[in-house]
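Participant: Sharing a structure, written as structure tokens. Questions coming.
None of the figures in this text is laboratory data; all of them are computed from the coordinates on show. Being a predicted model, the structure only gives us computed values, none of them experimental. Don't worry about glycine lacking a Cβ; one is built from the backbone with ideal geometry, like all the others, and counts go over all protein chains shown.
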Amino acid sequence: AQSVTQLGSHVSVSEGALVLLRCNYSSSVPPYLFWYVQYPNQGLQLLLKYTSAATLVKGINGFEAEFKKSETSFHLTKPSAHMSDAAEYFCAVRGDTGRRALTFGSGTRLQVQP
Amino acid sequence: DVKVTQSSRYLVKRTGEKVFLECVQDMDHENMFWYRQDPGLGLRLIYFSYDVKMKEKGDIPEGYSVSREKKERFSLILESASTNQTSMYLCASSSQPGQIYGYTFGSGTRLTVV
């Protein structure tokens, strides 16, 4: 079965600092991987996705993620944090072959300090 | 703008009540999903549907059922609400194949069972 592990339930950075949110996956098939963001009192919004094309994926709001098969990782980064980046971030992986649902990680809450 | 609309943002129900959560999408998507979101647990799949009148159990289907009579509408039913079903419920939809294109989420329904 597919699974996702997000290391760190809370991450705090200063405004202007590098953002690094970690995601490791387990998959028995070539994975499709996603990062979603959830702002307070809202649903989830797609940030970016990896679907077996380029291993470095660029998303919205200056975020990017790199797929590393050897490390089974798909970490999310942003060079310079903004206050508006404060939110909860979820990593997700495609479901088992034949199952059409994504499996989500437990989430990482990002705080941005002024 | 394409949308997934959940009929209620907040609901308060009594233990033992039958509860209906409604979700409507206007994107002609084949797949629809219900997740619940709890702190520290991320999103957990309750049920999903890949066609009208078709449904499959997710990871935590106990105490829930679903209905999909029309392509655009996917309802989650709590047969007899219990306090441990107090949670945020998120509906999502995707086109075929959903694993590549990701999901579009509704804004969520925060259900409190008292």
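Participant: Please state which one of A:Val29, A:Val13 is surrounded by fewer than 21 Cβ atoms within 10 Å (Cβ to Cβ) and more than 12 Å from every other protein chain (Cβ to nearest Cβ).
Facilitator: One residue alone meets the criteria, A:Val13.
Participant: Something else: Kindly provide the set of residues from the range B:18-51 that are surrounded by 15 or more Cβ atoms within 10 Å (Cβ to Cβ) and outside any strand (DSSP E or B), ordered by number.
Facilitator: Passing the criteria: B:Glu22, B:His29, B:Glu30, B:Tyr50.
Participant: Looking only at the range A:32-47, filter to residues that are facing chain B (nearest Cβ under 8 Å), part of a strand (DSSP E or B) and touching a Gly at 6+ places or on another chain (Cβ under 6 Å); which one of those is nearest to B:Ser8 (Cα to Cα)?
Facilitator: A:Leu46
Participant: So how many residues does the range A:56-98 have that are closer than 14 Å to A:Ser27 by Cα, within 13 Å of another protein chain (Cβ to nearest Cβ) and surrounded by fewer than 17 Cβ atoms within 10 Å (Cβ to Cβ)?
Facilitator: Residues meeting the conditions: 3.
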